[in-house]
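Below is one structure, written out as structure tokens; the observations come after it.
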Amino acid sequence: NTVYRLESGTGTTEGVFAISKRRIESNIPDISRASMVAAVYPCNWDATYDESTKTISGVKLPASYNLNIIGTTTKAPMAYIGSEGKVLFKNVGALVKVEVSNVPSSYNSVELSSATSKLSGNYKISFDNNGVPVASMTDDAANGNSVTFVVSDANRSFYFPILPGTYTDLTVKTKGESVEPI
């Protein structure tokens, strides 16, 4: 999991990536000439690849995302298994879009939850013989995700990353301190 930046190819199906200057400046060894075997996006420093089982572990869907923190992302997971020096990410997750409006100022979060499906926690990514990534949850994490937002941003869309599956009981709530969820 090296931080790369998209150098060209925006809006197309292929892109050229270059090693991030930020990574070099942080005194982490230059691995730009290393052969890459697997990668996961968004970047996750704890992810590890096991060649014998062709799996990526150490990846997690957080239980909350704080939109007050600059740089916080809510992006669908993607993964790649190396071949011919090209980075070709494929989706292993999806996004659920929630639009909120007219939320009273006493409410400061939006929560997507399920009584029967895990929406957050540790998961692993396995690659089939064609290099297609498949994600599955690996723990009994809480069944929920929440996004904290600034009151001035109450009229907006939120994107919750989830793993592919059939979800039959998703619930959306807005919450705040000392108020009933709606």
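The values are calculated or read from the model by the stated rules, or taken from the named source; none is laboratory data. No experiment lies behind these values; they were computed from the predicted model shown. So basically every Cβ, Gly included, is an ideal-geometry build from the backbone, and we count neighbours across all protein chains shown. Just the protein is used for accessible areas: all its heavy atoms, side chains included, with ligands, DNA and RNA removed. Shrake-Rupley method; radii C 1.70, N 1.55, O 1.52, S 1.80 Å.
If you go through segment 157-182 and pick out every residue that is part of a loop (DSSP other than H, G, I, E, B) and open to solvent by 60 Å² or more (accessible area, probe 1.4 Å), you end up with 8.
Are any of the residues in segment 128-141 in contact with a helix residue (DSSP H, G or I) (Cβ under 6 Å, 6 or more places away or on another chain), polar (S, T, N, Q) and either outside any loop (DSSP other than H, G, I, E, B) or at pLDDT below 90 (or both)? For segment 128-141, residues in contact with a helix residue (DSSP H, G or I) (Cβ under 6 Å, 6 or more places away or on another chain), polar (S, T, N, Q) and either outside any loop (DSSP other than H, G, I, E, B) or at pLDDT below 90 (or both): absent. The residue of segment 40-54 that is nearest to K90 (Cα to Cα), among those that are more than 9 Å from the chain's Cα centre (by Cα) and part of a strand (DSSP E or B), is V40.
Is segment 95-116 home to any residue that is closer than 22 Å to A38 by Cα, surrounded by fewer than 19 Cβ atoms within 10 Å (Cβ to Cβ) and of a type outside the set (D, E, K, R)? No, segment 95-116 has no match at all.
For T72, the conditions (1) open to solvent by 40 Å² or more (accessible area, probe 1.4 Å); (2) at pLDDT 85 or above; (3) of a type in the set (V, I, T) all hold with the exception of (2).
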